[in-house]
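Below is one structure, written out as structure tokens; comments come after it.
The values are calculated or read from the model by the stated rules, or taken from the named source; none is laboratory data. In this text, all values refer to a predicted model and were calculated from it rather than measured experimentally. Quick reminder, even Gly has a Cβ in these numbers, built from the backbone with ideal geometry, and neighbours come from all protein chains shown. Surface accessibility is based on the protein's heavy atoms, side chains included, excluding ligands, DNA and RNA. Shrake-Rupley method; radii C 1.70, N 1.55, O 1.52, S 1.80 Å.
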Amino acid sequence: MNRKAQVFVLAVTALAGALTYSLPALGDYALSASEILSFLVYVAVGILAEAMAIDFRTGSGRPAKSSLAFLPFLAAVVVFPPRGAVLLVAVVVAISQFVLRRNDLLRSVFNIAQGVVAAAVGAHAYALLSDPSNRAEIAFFGFALLAAAFFFINVLLSSTALSLIRRQSLRSTMHQVAGGRGANLWYDLLASPIALVPAALYDDYRAGGLIIIVFPLLLIRYSYLGKVQLEEANRDLLKVLVKAIETRDPYTSGHSVRVATLARAIATDLDLSPKQIDRIETAALLHDIGKIDSVYEAVIRKPYDLNADERELIRTHATKGADLLESLTSVNTEIIRAVRHHHERYDGSGYPLGLTGEEIPIAARIIMLSDSIDAMLSDRPYRKALSIEKTRLELVRCAGTQFDPDIVRAVLQKDTLERATWLAERPTMAFVPVDLYQSA
């Protein structure tokens, strides 16, 4: 974790302490034995929810977890004194971090502090529209404000920390955390009213009312698990396609994944929209899919010295790949256009249509550059990999002719070539594109 991220973790921890101190003291409320038992049951359900967290991967292939512990957390803010609810969140998250997930100290401290800040802000928000002296009466507008504050604070703090660690824009990171169009955030907000059930039953049933929440919790988990498994199935399909391509071309093992990783890094450096970044990564992964056709088998196994007919044949792979993707209704048109035009040159001398400048889709311009960088930094049968300095000079020489000069400028201002070298040294890397910001 870099210095800025460490400072941010300490700042969030200090904020957690300040917000908790500003809440009404727990001693202001007399807790009965049944309330203490209820508190422990809430802790147990929260730990259960954390233990059932679902593993998934973000848009860039990073492992992450999705937990439904927010349901008992939100209910706790309604039924317990503010400091009691915050204490509950701290205890559950601490057990999750240190016992269930065995995270390192700094990450665990941040996650605990993040949970405390979200719960404390949520408690303050709920207090604005509720009667603190009558906690048996639920303030529904207060609950809506509580849920919105809780989730927004979690997304904001998580995204800020990740953007500092990965050195990427906050906007892009928030997209990964919140999902496309905030899908993950909306999913949690729509599920949050379930927390009102044990809160409404608390006055009569105490801890027993919370047990009811376990059943919808299991149902929601099952539903979300199905969504994650479908996404994994789509990812596996891409894996099969890419492996099939590279089986025909043994000299470029891992090439598609490296190009996809580079393309994502460059698109991020250009501060493109999160949706564009995801589509550019997918298009880069599939840019050579046309080579899966058996007509190219003999040509792509020939390391160099192609004759005129062979060169003309290999040029058709971009169009053939785009045509293949067009037959799949689930593939976005931007991805198809990027695959079709990834061999267009900025000066119009490329193929298949000879587009020039900004007529070429930006995804295709990025893939053209990423493809070329990986080729230059990788060993080939007819030459050794170029050095970073020679690659840099080649990019400068070809800016405005083969490559978009603005994209070249962005690459040279960052440490993209150094990160690309790290990739090229791992020709048989895993399928899932790695995070260059974290691995270099």
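Laid out as a table, the results:
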{"item": "Tally, over region 143-174, of residues that are open to solvent by less than 50 Å² (accessible area, probe 1.4 Å), at pLDDT below 90 and either under 19 Å from residue 75 (Cβ atoms) or not in a helix (DSSP H, G or I) (or both)", "result": "2"}
{"item": "Count - residues of region 274-313 that are assigned to a loop (DSSP other than H, G, I, E, B) and free of Cβ contacts under 8 Å to residues at least 60 places away in the same chain", "result": "8"}
{"item": "Some residue of region 120-143 being under 30 Å from residue 265 (Cβ atoms) and touching a residue at least 40 places away in the same chain (Cβ under 8 Å)", "result": "no"}
{"item": "Evaluation of residue 374 against (1) under 19 Å from residue 276 (Cβ atoms); (2) acidic (Asp, Glu); (3) open to solvent by less than 20 Å² (accessible area, probe 1.4 Å) (one fails), failing number", "result": "(1)"}
{"item": "Exclusive hit being at pLDDT 85 or above, outside any loop (DSSP other than H, G, I, E, B) and open to solvent by less than 10 Å² (accessible area, probe 1.4 Å), set 88, 40, 106", "result": "88"}
{"item": "Hey, residue 389 farther than 18 Å from residue 281 by Cα, at pLDDT 90 or above and either of a type in the set (A, V, I, L, M) or more than 29 Å from the chain's Cα centre (by Cα) (or both) or not", "result": "no"}
{"item": "Every residue from region 314-331 that is open to solvent by 70 Å² or more (accessible area, probe 1.4 Å) and not in a helix (DSSP H, G or I)", "result": "315, 327, 328, 329, 330"}
{"item": "Condition check for residue 355: over 30 Å from residue 168 (Cα atoms), exposed (fewer than 13 other Cβ atoms within 10 Å of the Cβ) and either out of contact with any helix residue (DSSP H, G or I) (no Cβ under 8 Å at 6 or more places or on another chain) or of a type in the set (Gly, Ala, Ser) (or both)", "result": "no"}
{"item": "All positions within region 292-313 that are open to solvent by less than 70 Å² (accessible area, probe 1.4 Å) and modelled with pLDDT under 85", "result": "292, 293, 296, 299, 300, 303, 306, 308, 310"}
{"item": "Residue in region 63-76 that is over 20 Å from residue 38 (Cβ atoms), outside any helix (DSSP H, G or I) and among the hydrophobic types (A, V, I, L, M, F, W, C) present", "result": "yes"}
{"item": "Selection count, region 91-103, where residues are open to solvent by 30 Å² or more (accessible area, probe 1.4 Å) and of a type in the set (A, V, I, L, M, F, W, C)", "result": "5"}
{"item": "Candidate set: region 43-73, residues that are under 21 Å from the mean Cα position of the chain (by Cα) and open to solvent by 60 Å² or more (accessible area, probe 1.4 Å); chosen: the one modelled with the highest pLDDT", "result": "65"}
{"item": "Top-ranked residue in region 229-273 [being part of a helix (DSSP H, G or I) and of a type in the set (Gly, Ala, Ser); ranked as modelled with the highest pLDDT]", "result": "263"}
{"item": "Some residue of region 110-129 being farther than 18 Å from residue 6 by Cα, part of a loop (DSSP other than H, G, I, E, B) and open to solvent by 40 Å² or more (accessible area, probe 1.4 Å)", "result": "yes"}
